[in-house]
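S.K.: Once you've had a glance at the structure underneath, I'll fire off some questions.
The values are calculated or read from the model by the stated rules, or taken from the named source; none is laboratory data. None of these values were measured; they are calculated from a predicted model. Positions of Cβ are generated from backbone atoms using ideal geometry, with glycine treated the same way; all protein chains shown enter the neighbour counts. In case anyone asks, the SASA skips ligands and DNA or RNA and just uses the protein heavy atoms, side chains included. Shrake-Rupley method; radii C 1.70, N 1.55, O 1.52, S 1.80 Å.
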Amino acid sequence: MIKENINTNTLNPQQESAVKQTEGPVIIIAGPGSGKTRVITERIAHLINKGIEPQNILALTFTNKAANEMKKRVYEITNTQAAYSVWMGTFHSIFAKILRKEAHILGYDSNFTIYDNEDSIKIIRRIIKDRNLDKEQYNPKYVFSKISIMKNQLIDSQKYKQNAELIKHDQINKREKFVELYQEYCESCTQSNSMDFDDLLINTYHLLSKNKLILTEYQELFKYILIDEYQDTNKVQDAIIQQLGEKYQNICIVGDDSQSIYSFRGANINNIFNFKSNYQNVKEFKLEQNYRSTKNIVHAANTLINFNKQKIEKTIFSKNENGDPIQLIEYYNDRNEGDKTAEIIYRLICHNPNTNHQHAILYRNNSQSKVIEDGLRKRRIKYKIYGGLSFYQRKEIKDIMAYFKLIVNPDDNESLLRIINYPVRGIGSTTINKLRGKANSEKKSIWKILSYNNLENIQINSGTKNKLNIFKEILNELFKSQNSNIFETAELLIEKTGIVRKLKDNPTDENINRLENISELFNSVKLFSLKKTNNSILDFINEVSLDETNKETSNKSEVSLMTIHQSKGLEFPYVYIVGLENGLFPSQRSLKIPSGVEEERRLLYVAITRASKKVTLSYSLNRFQFGTIQQSEKSMFIDNIEHCLNKEIKNEFNQQLYFKKPRTNKINSQTKINPIGLRKVTNEKYRDSRNLQIGMKIKHNIFGKGSIQKINNSDGNQKITVIFEEHGLKILLTKFAKFEIIM
DNA sequence: CGGTAGAATATTTTT
DNA sequence: TATTCTACCG
């Protein structure tokens, strides 16, 4: 991966005036490869050099990674440590910081938990299940994304109820309960003293709109505001910027409407279109020179994007050489496509060893990577896949993080439910539902029910109460240690819960992998604990919840594989865009949404403009998808740029590839089945009521006839050792085994 | 309560 | 195909 690289040391006239125009509202339309990052960092540096206090500057970015890189660059330009005092980060991380400080005003405790999407969907799934609603009409993922979109448009459940159009729409679609789910979900979050990602935005909005004093305080603090990637902001984000910038109007937005590709998560391209009419005396700057790509690439990109009706007029141009034309290749099927793409790269790498990193293969869907990987692996080409599950989204990591979250905020029901029976301690769904019911009816958190009520008014048998008490004791010990060093707390956690021990006891490949991940987590906890300041558990959770900085950039030379969304902001000499087929790119779903195709076209625009030297496009006539082979036709976008292309057809039927079974790179991921008699023992007391005696003859439903040799009641779970006539010696748990006494 | 088999389902993704 | 969820049985 090569970072944006500007050829000249001086700014061009447009760039320079964009940097120098520090006062008043400014819009910078920055085409691909136009030196956008440079302009932003120079601008911040310029403000600091002019004497503006760094802490009076707010700079919002799309990712934390971008923020960190920019901080470093500003530091390098200004050469003063003060550069790090600039408020630079994502909307979410900056606002979380503010909300922790002001939480009490909104009725939260400052130790509130931040829920990620997985948490949110789990909560919604539970609500839907409690209400016994039809899964067809109420798909948890769908409900969540709709709630998210509503929140981002500042439509809360009350406003939703009053909106006749929305209600009518739900009735037509038989989703009239949606608004209730919406409300219950929000209540559930507040009840848990938790915010989801959207809440971080809307709560900031409410904080500022309901409190004049606070609004003024932050308006005074953030005298200069700068926002990157404005085309991908949503309505709340736009509204907050208006609130904060109202007084001084020193708002500088940077973006490119042609690169708006996140509408599916609420981004509103109109924010950038309407900026000029929302403010007075807006100074507009267009960065139209592309320093990155060849003339041919820029021309193709321009040709393509001109098919979109909705856009800000601009002429992107390049002064670089013409370069190669855009290559288009037709393949017989997706396996051929993957294989031959790898072949093309292989040939180039043979000529120029260690240039893997100059190549990137971009696709629409993650699932497309598999066939490409096969082709690369076959030729032993080193590659790296971006995306997939991030470290902190792994189950075992989230489980441990749930303990941490609970230590800081015991009211966090979601985290409690996640680990109340992890590791398995015999607390099942019946008990959990009883606790949840009680918590709901008393409007208290589950932890409060567990700790204050002492389980007196709940119908739970004494065995289960014991188990709950064990759980309570573990947590209470962890609470006591919460002010000590986070690493010590982590060690205590492992010791008390036995998480690691249980994994070690059952060392399947999967569990070994989990143990490795846990030890990696412990490494970062250890490192974190060595920090001098801000090294509390809450700080750690904060960093993990909002920071995906764990995407290691290796210095090995590897071919990059990623979705186009992930390629945003990156640059590579050679870019291969695969799977240009209708229904895949543009996606099936986009065809049904108005303006959906325009967004897909912008997506291809982003993909093409990642390349500096050469773009290779390809499509397949047949594609293996969802377990079947489907015929496909070339993408409509290919027609858009017809005359920019150099076409090639490689669609011969390659039998060898066609019939080859796809390789899976998973090693024995199935969990091993425990042989009968070695089942894990729960600590609930159980004894067969039939008064078993040594020497009794029994008949088992599977093993047949046998006689009892030994009876063991020692750990509460009655076990019997039996010699069967046909099957030999077995140890059975009488709780589970099906048998009758015959003598 | 816990594990397993078999059914259901299937963009893009950062926070 | 691959993953995730549910229902069932010991």
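S.K.: Just from its helices, what would the mean residue ellipticity at 222 nm be for chain A, if runs of 4 or more DSSP H residues each count -39500 (n - 2.57) and the sum is divided by every residue, rounded to the nearest 500 deg cm²/dmol?
M.R.: One gets -13500 deg cm²/dmol as the mean residue ellipticity at 222 nm.
S.K.: Place a +1 charge on the Cβ of each Lys and Arg in chain A and a -1 charge on the Cβ of each Asp and Glu, then give the dipole magnitude about the Cα centre in debye, rounded to the nearest 20.
M.R.: Working: 110 positive and 85 negative charges, 445 e Å.
So the magnitude is around 2140 debye.
S.K.: For segment A:402-440 and segment A:22-81, what is the separation of their C-alpha centers, rounded to whole Å?
M.R.: A separation of 44 Å, based on Cα centres.
S.K.: Still on this structure: Could you order the peptides A:472-479, A:202-209 from most to least packed, using the average number of other C-beta atoms within 10 Å per residue? Write down the numbers at each step before the final one.
M.R.: Details: A:472-479: 16.1, A:202-209: 20.4.
Top to bottom by mean Cβ count within 10 Å: A:202-209, A:472-479.
S.K.: Cα centroids of segment A:570-604 and segment A:203-281: how far apart, whole angstrom?
M.R.: 28 Å
S.K.: Which whole-percent values make up P(r) of segment A:2-88 when all C-alpha to C-alpha distances are grouped in 5 Å steps starting at zero?
M.R.: Cα pair-distance distribution for segment A:2-88, in percent: 3, 14, 26, 28, 21, 9, 1.
S.K.: Using the Cα centre of chain A as origin and beta-carbon charges of +1 (Lys, Arg) and -1 (Asp, Glu), tell me which of A:696, A:158, A:112 is placed farthest towards the positive end of the dipole.
M.R.: Result: A:696, furthest along the dipole toward the positive end.
S.K.: Now a separate question. Of the cross-linked pairs A:340/A:378; A:223/A:247; A:101/A:141; A:340/A:634, which ones have a Cα-Cα span greater than 20 Å in the structure shown? Could the numbers behind the result be given before it?
M.R.: Numbers: A:340/A:378 11 Å; A:223/A:247 8 Å; A:101/A:141 32 Å; A:340/A:634 18 Å.
Listed pairs above 20 Å: A:101/A:141.
S.K.: State in Å² the accessible area per residue of chain A; use a 1.4 Å probe, count heavy atoms of protein chains only, and round to the nearest integer.
M.R.: On the way: 35970 Å² over 743 residues.
Per residue, chain A has an accessible area of 48 Å².
S.K.: Quick one: work out Rg over Rh on the C-alpha atoms of chain A, Rh as Kirkwood radius. Please list the in-between numbers first.
M.R.: On the way: Rg = 30.0 Å, Rh = 29.6 Å.
When Rh is taken as the Kirkwood radius, the ratio is 1.01.
S.K.: Straight-line reach from residue A:159: which lysines fall under 18 Å, measuring Cα to Cα and dropping same-chain residues less than 8 apart?
M.R.: Answer for residue A:159, where 18 Å is the Cα cut-off: A:146, A:151, A:168, A:177, A:210, A:235, listed by chain and number.
S.K.: Let me ask something else. Aspartates and glutamates within cross-link reach of residue A:438: Cα-Cα under 18 Å, excluding same-chain residues under 8 positions apart?
M.R.: In chain and number order, the partners are A:130, A:184, A:187, A:411, A:412, A:414, A:456.
S.K.: When ranked by the protection proxy of mean other Cβ atoms within 10 Å per residue, highest first, what sequence do the peptides A:217-225, A:600-608, A:626-634 form?
M.R.: A:600-608, A:217-225, A:626-634
S.K.: Moving on. If packing is taken as the average count of other Cβ atoms within 10 Å, what order do A:356-365, A:270-279 fall into, highest mean first?
M.R.: Details: A:356-365: 22.9, A:270-279: 16.3.
My ranking of the peptides, most packed first, is A:356-365, A:270-279.
S.K.: Separate question: Farthest toward the dipole's positive end in chain A, which of A:25, A:263, A:74, given Cβ charges of +1 (Lys, Arg) and -1 (Asp, Glu) about the Cα centre?
M.R.: Farthest along the dipole direction, towards plus: A:263.
S.K.: Can you list residues whose amide H is under 5 Å from residue A:234's amide H, if they're 5+ apart or on another chain and H is modeled 1.01 Å from N?
M.R.: Long-range HN contacts for residue A:234: A:268.
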